[in-house]
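What follows draws every value from the coordinates through simple rules; no lab data is involved. Because the structure is a prediction, the values reported are computed rather than measured. No Cβ is skipped: glycine too gets one built from the backbone with ideal geometry, and neighbour counts run over all protein chains shown.
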Amino acid sequence: MFNFSELFGQDQAKQKIKEYGKLFDKLTKEYPSIEEETLVISSCIAGLMARVAYVDFHLDKNELIKMKSILTEWNITPNLNSNQIVEIAVDHIKEMAGLENHLYVKPLNKLMNKEDRFRLLEFLFIVAASDGKVEALESEEIRIICKGLELSNQHFLSARADVAEFLKALS
């Protein structure tokens, strides 16, 4: 017998994947009891950090450590395992090769205020600097993310200034 609620549930799940990405879907399956907004924010933050860390197709162990630390510090909810979320995000970024990057900023613009989005921008630079240098490619990726987060060039320059000693182009 045909079940309309099952079909509707599948359509709704497909719409959420289309809107928030497969990383969100993976976290939803891993943490079914966590509220949607928390999973959206967690998947977007982890996805952006993984995007910056892996933009050069190399993932330094210090970048991984820093990503886990930042996600723990962000403390979205104690019921989420930061280590596991970062591992899922990194695997996802490698698998998707940047195809869903645009999905990480839109929800954050709706769910976070400007101050929190700027704080995230600062954290992205910290991730980039955690291997001892901020590559030009990482900096440019963060510039693109900054625009997507609807932050100004002044926000970008301010966040980058915090890691100036690690900027490879200035060394």
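Evaluate 2.2 N^0.38 Å with N set to the residue count of region 43-149, then give the Cα radius of gyration divided by it.
0.96
Given K26/K133; K26/K94; K61/K114; K29/K133, which pairs have Cα atoms separated by over 24 Å?
K26/K133; K61/K114; K29/K133
Would you calculate the separation in nanometres between label points at H102 and E73, each defined as 7 Å from the Cα along the Cα-to-beta-carbon direction?
Spacing of the two 7 Å Cα→Cβ label points: 3.2 nm.
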